[in-house]
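All remarks here apply to the structure that follows.
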Amino acid sequence: MKNVIIKTQKLCKSFITGKTSNNVLRNIDLEIYEGDFTIIMGSSGSGKSTLLYNISTMDKPTSGKVNLLGSEISELSPVKTAMVRKKDISFVFQSMNLLPDLNAFENIAYCGYGTDKKEAINKKTHELLEMLELSDSENKYPSELSGGQQQRIAIGRALIGGAKVIFGDEPTGALNSSMGTQVLDIFTDLNNKGQSIVMVTHDIKAAARATRLLYLADGRIDGELYLGKYDPATKRDREKRIFSFLTEHNW
């Protein structure tokens, strides 16, 4: 039986605009499991990114509970929340958010300092650059790199601290097909090695990498699809299953 790493109970999130309350998430009960590649999909405005932020300490629910890696998020002090973000979780966004004045090596290593000795972080940074096929670009600055290379650096940055969960918000959304595939291949390889990943996407090709697909509609979980570990040989079949599933849910 898989370990539960994220659990929500009656999770609600509302935003107040003037005198109007916009209920974005509505009583979501959800469990996410260790070692899964969990994909969250839904039409525009369904609440998928809001859900991602609320289960990852980036935002707090209006009501309900979120348990992340054994801790109730609402009960964490700011210091403990910062420690969770530093050591246990990491983020990869559509906009890479790299520091423009740091080179590729420094962008990755900088996020690891404080989690281990400097020498160990430097060694791991070199290993990550090699794994990400960026060894020959370690001294280049973000402005000198392609979008795909920048996103790979962002993945390296997410891995340097030994995160137990990687959260991704449309991490391939700004990339062309070839670069997007490179990034998805890295995520898939990480997941095959046991890394837990939770990712929002609107792309069926990206969703095909999931072990489990969650569909949101009007702030509620409207369905889920179990796909199992990704096998390139079944790529087209997985995409067809996802398309059929999404069509059934009025995507």
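No value in this document is a laboratory result; all are computed from the given coordinates. The structure displayed is predicted, hence computed values, not measured ones. Every residue, glycine as well, gets a Cβ built from its backbone with ideal geometry; the counts of neighbours run over all protein chains shown.
Just to verify a number: FRET efficiency for Tyr141 and Lys65, C-beta to C-beta distance, R0 = 45 Å, to 0.05?
FRET efficiency, Tyr141 to Lys65: 0.55.
Setting aside same-chain residues fewer than 8 positions from Lys240, which lysines have a Cα under 28 Å from its Cα?
Lys2, Lys48, Lys193, Lys205, Lys229
What fraction of the DSSP beta bridges in segment 154-251 is antiparallel, stated in percent and rounded to the nearest 5?
55 percent
In the chain, what percentage of the DSSP-assigned beta bridges are antiparallel, given to the nearest 5?
Beta bridges within the chain, antiparallel portion: roughly 55 percent.
Give me the Kirkwood hydrodynamic radius of segment 18-115 in Å, from all C-alpha pairs, to one decimal place?
Result for segment 18-115, one decimal place: 16.0 Å.
Against the longest principal axis of the chain, how steep is helix 147-159, in degrees 0 to 90 to the nearest 10, with axes from Cα atoms?
Result, in degrees: 80.
Please enumerate, by chain and number, the aspartates and glutamates with C-alpha under 17 Å from the C-alpha of Lys235, excluding those fewer than 8 residues away in the same chain.
Straight-line reach from Lys235, under 17 Å: Asp185, Asp189, Asp203.
Angle, helix 235-248 long axis vs. longest principal axis of the chain, Cα atoms, 0 to 90°, nearest 10?
30 degrees
With a point put 7 Å past each Cα toward its Cβ, work out how far Lys164 is from Ala233 in nm, to one decimal.
My value for the distance between the label points is 3.5 nm.
Evaluate the chain: find the radius of gyration of its Cα atoms, find its Kirkwood radius, and give the ratio Rg to Rh.
Here the Rg-to-Rh quotient is 0.97.
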